[in-house]
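Let me begin by presenting the structure, written as structure tokens, before commenting on it.
The values are calculated or read from the model by the stated rules, or taken from the named source; none is laboratory data. All figures in this text were calculated on a predicted structure; none of them were measured in a lab. Quick reminder, even Gly has a Cβ in these numbers, built from the backbone with ideal geometry, and neighbours come from all protein chains shown.
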Amino acid sequence: MKEAMFWHVKDKEKKIVACELCPKRCIIRQGETGFCRVRKNLDGKLYTLNFGRLAAHAMDPIEKKPLYHYYPGKYILSIGTFGCNLRCGFCQNWTIAHGNPDTLEVTPEDIVNAAVNQEVYPNIGIAYTYSEPTVWYEFVYQTAKLAKQKRLKNVLVTNGYINEEPLRELLPFVDALNIDVKAFTDKFYKRNCVGELKPVLRSVKIAFEYGCHIELTTLLIPGLNDDENEIRELADWIASMSKDIPLHFSRYMPNFLFKIESTPPETLFNAQKIALEKLNYVYIGNLGDPRGLNTYCSRCKKILVNRSWYNGKVVGIDENGRCKHCGESIPIFIS
């Protein structure tokens, strides 16, 4: 255990504390934990229960995050713990987010050394992923600071459900984010995630304005968030920041509490078509079709990055970051 960041005493006599990490702002009594299950009140102080507790780790292709415009073809050391501050009924990683997985005890130094000493894969840094990294805040914060000193990249794969102050304190050490925008209605968030939409949109805008590389992901669930008008509203909102922000529509498959049938491919391709009316780069995940995987030049439509599932190869971008065919400047980080 480690004393948590971002909390205050609510009632000193009764030893009640208030957590300020995420928009839930849990009021936590002595001996209890917050909604996320990993921040506990012990004798009137808030402690994090998952500091240094590693529940999952792997050397993943960067495309698996998914990040398609951030060093395609490279790998990144990916780590995660248990706990989450949303409860999505369709969670793809529920066994660690909402379960009690076995864990390894590690330090920030252990993780950074593992990333630095990786020799088998072309590793660019560390991704905090699998479950929600913002409820692992203290460990992510310390590890990311050390990683920066070693010139490693830090990537967050997050639901974006975090308050402004802790987000702004962390962003100087973050290079790229993939943020889930699970739907574009508050009704969906309240019914299916026990959360709200507005704080997520705020996090996206803050990260974008700060200058981090961002990509967005929406898991399309039949009948719940695949309405054409909702997709247009989402694309319009993204385009109001930049038409170059990549959007990933990911195929839903039954998991955790949801038994709805998998998203039909035609729904995904229709969503892609609609979003491409306003955005330059829209992808489809969990399907494997090259039409949803490859990166095409927004001007001449030639292939820039060829992908097979999670394997990416830059084929149409020159050393100056321009399309080899028409000279268009391409918003993709390449080595």
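Worth a mention:
- Looking only at the range 117-147, residues that are out of contact with any strand residue (DSSP E or B) (no Cβ under 7 Å at 6 or more places or on another chain) and charged (D, E, K, R) come to 2 in all.
Let's see how each residue does on (1) under 17 Å from TYR68 (Cβ atoms); (2) surrounded by 16 or more Cβ atoms within 10 Å (Cβ to Cβ):
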| position | (1), (2) |
| --- | --- |
| LEU216 | yes, yes |
| PRO222 | no, no |
| ASN225 | no, yes |
| ALA239 | no, yes |
| MET253 | no, no |
| LEU268 | yes, yes |
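- Given (1) crowded, with 18+ Cβ neighbours inside 10 Å; (2) assigned by TED's automatic domain parsing to the domain that holds ASN85, index of the condition ILE28 fails: (2)
- Taken as a whole, the condition of being free of Cβ contacts under 8 Å to residues at least 40 places away in the same chain and not assigned by TED's automatic domain parsing to the domain that holds PHE90 does not apply to ARG307.
Yes/no per residue for (1) at pLDDT 95 or above; (2) assigned by TED's automatic domain parsing to the domain that holds LYS153; (3) surrounded by fewer than 20 Cβ atoms within 10 Å (Cβ to Cβ); (4) not acidic (Asp, Glu):
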| position | (1), (2), (3), (4) |
| --- | --- |
| ASN41 | yes, no, no, yes |
| MET59 | yes, yes, yes, yes |
| ILE62 | yes, yes, no, yes |
| PRO66 | yes, yes, no, yes |
| TYR71 | yes, yes, no, yes |
| ILE76 | yes, yes, no, yes |
| THR81 | yes, yes, no, yes |
| CYS84 | yes, yes, no, yes |
| CYS88 | yes, yes, no, yes |
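- Of the residues examined, GLU228 is not one that is among the acidic types (Asp, Glu) and under 29 Å from CYS22 (Cα atoms).
- If you go through the range 36-65 and keep only what is without any contact (Cβ under 8 Å) to a residue 60 or more places away in the chain and aromatic (Phe, Trp, Tyr), you end up with just TYR47.
- Close pairs (8 angstrom Cβ cut-off, 6 or more residues apart or separate chains): of a type in the set (Gly, Ala, Ser) in the range 237-266, exposed (fewer than 13 other Cβ atoms within 10 Å of the Cβ) and part of a loop (DSSP other than H, G, I, E, B) anywhere: SER262/PRO254
- Qualifying residues in the range 289-335 (those that are among the polar types (S, T, N, Q) and in a loop (DSSP other than H, G, I, E, B)) - the one surrounded by the fewest Cβ atoms within 10 Å (Cβ to Cβ): ASN320
- Residue within the range 75-87 that is assigned to a helix (DSSP H, G or I), among the hydrophobic types (A, V, I, L, M, F, W, C), touching a strand residue (DSSP E or B) at 6+ places or on another chain (Cβ under 8 Å) and touching a residue at least 12 places away in the same chain (Cβ under 8 Å) present: no
- Taken over the range 254-280, the criterion of being in contact with an Asp or Glu (Cβ under 9 Å, 6 or more places away or on another chain), of a type outside the set (Lys, Arg) and not in a helix (DSSP H, G or I) is satisfied by PRO254, THR263, LEU279, ASN280.
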